[in-house]
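Each value in this text was obtained by applying a stated rule to the coordinates, not by laboratory testing. Remember, it's a predicted structure, so these values are computed and weren't measured experimentally. Glycine also receives a Cβ, built like all others from the backbone with ideal geometry; neighbour counts cover every protein chain displayed.
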């Protein structure tokens, strides 16, 4: 217990002690009446050496003012104690105050934390906007690169196609008609001897030869090419790379065309031949070419005399209806 708590108790104890002493003193001293005379010893004041008057003893009635003063002092102390208790905060108030201070501190911290979060959010939004902008630029750049890549791919594909075509042309078979010999037979036919060669780097497959041939008088061969021609189509042996072959074929020519020649056998005449070659190369692609030849039988040559036909380019106009 603190000093403030002990002080009222001590004061109250002293008050009770003095009050008890005063009551006992009044009971032991009899009351003084008017008829009784005061003893001389009490009436006569004694003088001390310093000249002051002293009384031998005091009467009990003179204690009451002192007791009143003590009681007043005790009341003042009790009142001060009560006032001090009223002014002093309780433990709950102290805890509440500490809690409020803590809440205020945390509120301040939360304010700064919220402010920092807002700032960081704004910075994040700014960075996200920059990221989106850069992403858009990267997407546009990637789109441009994609277009360029497509162009490059297309060019590469075209280059590959050209390279493949060049390679195929370097490897595939090439059929050439090197020589053509012709002579007339008695059964209204033209006998052709054809020299064929493969100048390519690979063999042919399913070689097919189609021939159109005629014989007319020399004076008409330029202006009036006969419309009726002999025709034949046949398959022959495949020719290996770098190889050759000789083909002989008789072609029947319509009489309306060849009879004038036979009637004037010793006169000049002209031979026309159109030879078309078709085959399949090693890449399974269809290949073909057409060769045109012409030749002249001079005067005084017999029917069995062979005439070598020369290549003619471009091909003559042949009105054969096909």
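Brief remarks follow.
- The ranking of 172, 147 by Cβ neighbour count inside 10 Å, starting from the fewest, reads 147, 172.
- Peptides 277-287, 93-103, 69-79, ordered by how many other C-beta atoms sit within 10 Å of their residues on average, highest first, read 277-287, 69-79, 93-103.
- Net length available on complete extension from residue 208 to residue 118 is 23.6 nm, with 0.36 nm assigned per residue and the Cα-Cα distance removed.
- Ratio of Rg to Rh for the stretch 165-214: 1.15 [Cα atoms; Kirkwood radius as inverse mean 1/r over pairs].
- When each of 126, 293 is scored by the number of other beta-carbon atoms lying within 10 Å, the sequence from fewest to most is 126, 293.
- Ranked by the mean number of other Cβ atoms within 10 Å of their residues, highest first, the peptides 190-196, 148-154 come out as 190-196, 148-154.
- Exposure proxy for 141, 174, 271: other Cβ atoms within 10 Å of each Cβ, ordered fewest to most, give 141, 174, 271.
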